[in-house]
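Everything below concerns the one structure shown next.
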């Protein structure tokens with residue numbers, strides 16, 4: 001069974017998804033990390049974020065896995081901190097907007113879940129709408145941008161930005177992700193929308209597990 005958890009940055013997707021996966025005893029997959037990785041390998045290959053064909057070439061043949069703590073490994077090397085850096089954060093929406101790049105990465109994500117038995121808690125921005133549209137449990141997490149900025153302060157990707165700068169950055173990415181032509185950020189028609197602004201992570205986890213229990 002796939003549990004799909006979608007939403008913008010800072011809503012608590014990773015915290016909730018990891019906890020739900022641990023409670024169910026199934027793997028957790030952070031699909032957003034794949035787009036960050038695509039951005040990183042493109043930079044390292046000297047490819048512009050707007051060069052769709054170049055990004056696909058940079059992705060060709062890469063080997064992705066995850067460590068026991070969920071940290072992303074590229075060819076066995078831990079790149080978890082590098083994919084959260086400010087340069088990657090600034091360009092990831094542009095990279096992820098390319099249709100062919102998204103198709104390639106969606107195939108990688110589906111293959112990863114299949115290779116791990118077909119059961120996983122999968123988080124991202126288009127899991128319930130594109131990657132696993134048949135998932136029996138779909139949750140879309142949301143929160144006010146001010147709350148999300150406060151949660152992100154101190155994260156590596158915040159890189160010392162002020163609260164106002166974080167709000168501006170997140171608002172810009174929300175717009176880019178929700179207005180792109182390919183796989184825009186939006187709740188699936190049958191997703192349960194949960195506003196996490198005033199909820200603890202534990203409370204959100206309980207709601208998701210309750211939905212799983214009804215399947």
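Tabulated values for the structure
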item	result
Candidates 33, 53, 21, filtered to the one that is modelled with pLDDT of 95 or more, surrounded by 19 or more Cβ atoms within 10 Å (Cβ to Cβ) and not in a loop (DSSP other than H, G, I, E, B)	21
Only listed residue being without any contact (Cβ under 8 Å) to a residue 60 or more places away in the chain, more than 14 Å from the chain's Cα centre (by Cα) and outside any loop (DSSP other than H, G, I, E, B), chosen from 107, 149	107
Residue count for the range 61-96, restricted to those that are in contact with a strand residue (DSSP E or B) (Cβ under 8 Å, 6 or more places away or on another chain) and either in a strand (DSSP E or B) or buried (at least 16 other Cβ atoms within 10 Å of the Cβ) (or both)	11
Qualifying position, being over 16 Å from the mean Cα position of the chain (by Cα) and without any contact (Cβ under 8 Å) to a residue 12 or more places away in the chain, among 60, 65	60
Residue count, the range 110-128 (criterion: in a helix (DSSP H, G or I) and surrounded by 23 or more Cβ atoms within 10 Å (Cβ to Cβ))	2
Boolean, residue 191 is loosely packed, with under 14 Cβ neighbours inside 10 Å, touching a helix residue (DSSP H, G or I) at 6+ places or on another chain (Cβ under 8 Å), over 27 Å from residue 80 (Cα atoms) and in contact (Cβ under 8 Å) with a residue 40 or more places away in the chain	no
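The values are calculated or read from the model by the stated rules, or taken from the named source; none is laboratory data. Just so it is clear, the model here is predicted, and its values are computed rather than measured. For neighbour counting, all protein chains shown are included, and Cβ atoms are generated from backbone atoms with ideal geometry for every residue, glycine included.
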